[in-house]
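As structure tokens, the structure follows; a few thoughts come after it.
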Amino acid sequence: STSRFLDTPGHSVFHGMRSKATRATDIVVLIVSATDGVQEQTKESANLALELELPIIVAINKCDVDGADADAVKGSLMEQCGIVVEDLGGDTICVETSAKTGVGLDDLLDAIEIQAETDQIVADPKAKGEFLVFESRFERGKGLVLDSIVRWGTVKVGDYFVCGKEYGRVKKLFDADGRTVKKAGPSTPVSLFGLRGEECFGDEGLCVENEKTAKKIVEFRSDKEAYESIWDTKIKQQEEHRKRMAAKASQPKSSLEKKKKGRPSSPVHDVTLADVENGDSGGRRTLNVVLRADCHGSIEAISNYLNMLPTNQLHVNVLKTGIGPVTASDLEAASMFGDSQCLLFNVKATAAVQKEANRLGVTLTSHSVIYDLMDQVRDSLSAMLPSVEKKKVLGGAELIQALNLSGSGRKTLVAAGVKVRSGQLVRKANWVVLREGEEIFHAQEAESIRHFKDSVETMAKGEECGVLLSGFDDYKAGDVLQCYEMVEERNEFNDSAARRQGRLAITS
């Protein structure tokens, strides 16, 4: 027998891809660190497997590392995930491993074979092929590629197949190593070419006898979906009508009559480009995005991240998405709106496209690491936020003693004899007098700063001087004088909550 391992990205925004890939598996190997124990991603993976009623094998990794505690992991799995391993009286196989040294890996392969035999996991290689598409991507010169795994029967070059609401004919098959093959049997991962129409990411594929059969199945599925859509719309309309009638019946008659008499006619509102640009953003500033990526899984993951970002001040509107290189129509769509950009993930723009983007004033950015793309979006949103005015303390001084000075007209002025404890004092800055941490006086600037007999504009840390603040003379021991200026700073958009929300914690 042959075991196939299906690996998926670890970052949490790819939860959708992992969920779809799990449907293609017969056995789930739940890998848990012996040092870190059960994490949120462990619970997520366990719940997926339990929901699909798939057999689980637990592999406790890093058992060779200092501080490893496999027994604690087994207890946590039982308490937090409901998985009881054989050591604790359950029926879930558990293997202790070390990916670094290789210890326990042979035992893990044996456990997989035992589990397959116990559950009688078999497939008929002579039957028509059935496969699951866990990723779709665009390759230059080849077109749309369906990364799939055969679940039943055999898929052969020349077979007609149906996938979702599309159909096609297998033109080429490539194995996991990129070599051309003529057929692929059960549990074989393959890249398939030949789909007509749009991508069918996450759909199940079925090989059929001929093109006529494939067309009939596609027509039936499309008609069925259209009928269900119409039916759902009709049900919603009926429900809304019942709610309106119930609300109307609950109102007093006199109230209804008053509303009829004084009800103004509904204003006619012309739809403008601003309305389209803002969408349902409720007056918030909108960042319009065209998203292109190398595969549908990336599109889904990034779209999920963007959908978690809108706040009370900002709104992210995804204008369109697609796999493969950016096109002229993408740039045209982005150029129709202000604050718009094209985000490229694992795809590049040609020099001609970049030139056209510059002409249209569309920001075009390409990334190969999802964190960099997130940072780009965060920076773009930060630039859209209004700047904030913040207090920047320039210097602080501690009162040594109050100084009586002779003013004009025999008026006595009181200055503060201080020692500069931090920064520097600036005469033309804003000033405050603090007493026990509370602000008791404010001045737009100091009337004068004197160092011995010299009048100065600034005074450095460690120096002593006299500061005269017009309008204040009630100095007491312990008072602090502070000078500051108000500066405008860029308001940073905080997307940490969005990264943590739901499944956006980083997974291993």
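The values are calculated or read from the model by the stated rules, or taken from the named source; none is laboratory data. The structure displayed is predicted, hence computed values, not measured ones. Heads up, the Cβs are rebuilt from the backbone with ideal geometry, glycines too, and the neighbour counts pull from every protein chain shown. Side chains are part of the model used for accessible areas, which takes the heavy atoms of the whole protein and leaves out ligands, DNA and RNA. Shrake-Rupley method; radii C 1.70, N 1.55, O 1.52, S 1.80 Å.
Listing for the model above:
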read-out: From the options Val393, Val388, residue that is hydrophobic (A, V, I, L, M, F, W, C), within 16 Å of Val487 (Cβ to Cβ), open to solvent by 50 Å² or more (accessible area, probe 1.4 Å) and within 55 Å of the chain's Cα centre (by Cα); value: Val393
read-out: Long-range neighbours under 7 Å by Cβ, at least six apart or interchain, first residue more than 19 Å from Leu132 (Cα to Cα) within segment 196-217, second modelled with pLDDT under 90; value: Lys215/Tyr167
read-out: The listed residue being farther than 23 Å from Glu40 by Cα, out of contact with any helix residue (DSSP H, G or I) (no Cβ under 9 Å at 6 or more places or on another chain) and small (Gly, Ala, Ser), out of Ala72, Ala68, Ala127; value: Ala127
read-out: Lys348 open to solvent by 60 Å² or more (accessible area, probe 1.4 Å), in a loop (DSSP other than H, G, I, E, B) and either among the aliphatic types (A, V, I, L, M) or farther than 30 Å from Val432 by Cβ (or both); value: yes
read-out: Tally of residues being within 19 Å of the chain's Cα centre (by Cα), modelled with pLDDT of 85 or more and among the small types (Gly, Ala, Ser) across segment 338-379; value: 2
read-out: Enumeration of residues in segment 136-150 that are of a type in the set (Gly, Ala, Ser) and part of a strand (DSSP E or B); value: Ser136, Gly143, Ser148
read-out: Selection within segment 351-385 - outside any loop (DSSP other than H, G, I, E, B), open to solvent by 40 Å² or more (accessible area, probe 1.4 Å) and within 19 Å of Thr327 (Cβ to Cβ); value: Ala351, Ala352, Gln354, Lys355, Glu356, Asn358, Arg359, Leu360, Thr363, Ser366
read-out: Gly90 vs. criteria part of a loop (DSSP other than H, G, I, E, B) and without any contact (Cβ under 8 Å) to a residue 12 or more places away in the chain; value: no
read-out: Check on Gly168, of a type outside the set (A, V, I, L, M, F, W, C) and open to solvent by less than 30 Å² (accessible area, probe 1.4 Å); value: yes
read-out: Test set (1) without any contact (Cβ under 8 Å) to a residue 12 or more places away in the chain; (2) of a type in the set (Phe, Trp, Tyr); (3) within 14 Å of Leu413 (Cβ to Cβ) - Phe452 fails condition number; value: (3)
read-out: Verdict on Leu314 being open to solvent by less than 10 Å² (accessible area, probe 1.4 Å), touching a residue at least 24 places away in the same chain (Cβ under 8 Å) and either among the polar types (S, T, N, Q) or closer than 14 Å to Asn288 by Cα (or both); value: yes
read-out: Tabulated pairs, segment 24-50, first at positive phi, second open to solvent by less than 60 Å² (accessible area, probe 1.4 Å), C-beta under 8 angstrom, 6+ apart or interchain; value: Gly37/Ala72; Gly37/Val73; Gly37/Ser76
read-out: Residues being open to solvent by 40 Å² or more (accessible area, probe 1.4 Å) and in a helix (DSSP H, G or I) - total across segment 46-61; value: 3
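This table checks each residue for (1) surrounded by 13 or more Cβ atoms within 10 Å (Cβ to Cβ); (2) more than 30 Å from Glu209 (Cα to Cα); (3) touching a residue at least 40 places away in the same chain (Cβ under 8 Å).
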{"site": "Leu105", "(1), (2), (3)": "yes, yes, no"}
{"site": "Lys126", "(1), (2), (3)": "no, no, no"}
{"site": "Phe134", "(1), (2), (3)": "yes, no, yes"}
{"site": "Leu144", "(1), (2), (3)": "yes, no, yes"}
